[in-house]
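Where a number appears in this text, it was derived from the coordinates with a stated rule and is not lab data. What you see is a predicted model; the values in this text were computed from it and never measured. No Cβ is skipped: glycine too gets one built from the backbone with ideal geometry, and neighbour counts run over all protein chains shown.
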């Protein structure tokens with residue numbers, strides 16, 4: 001599916017925008033804990049575990065995006081640091097924004113399904129920064 005999505009975006013935009021998503025991560029929290037030999041002492045809520053694991057990636061993308069955005073604002077206007085900040089910001093905003101779309105099987109769906117407040121807390125800043133990036137304000 002990821003390769004198909006890449007081809008579709010490339011064809012529809014005539015190569016102006018290419019979104020590459022060649023793979024996926026599958027979450028198996030109980031299997032991972034059991035394989036490490038830990039004793040599970042509480043009743044597991046697999047939806048809660050899936051939501052937390054799914055929120056971790058976009059949450060880290062949000063943290064890095066904020067870091068690189070601040071670096072853009074306070075760092076030098078040109079040079080290596082500026083280039084690093086632009087690429088770091090755009091990469092993290094793009095990945096995080098896409099991953100927080102509330103469409104199955106993307107992470108955002110799992111987060112919004114279990115906790116809409118957490119979903120909005122991660123997604124809204126990412127989407128706002130994505131719009132900022134797309135408009136070319138930065």
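Gain on full extension, evaluated as 0.36 nm per residue between residue 127 and residue 7 minus their Cα-Cα distance, stands at 40.8 nm.
For a Förster distance of 22 Å, can you work out the FRET efficiency between the beta-carbons of residue 117 and residue 45, rounded to the nearest 0.05?
About 0.85, to the nearest 0.05.
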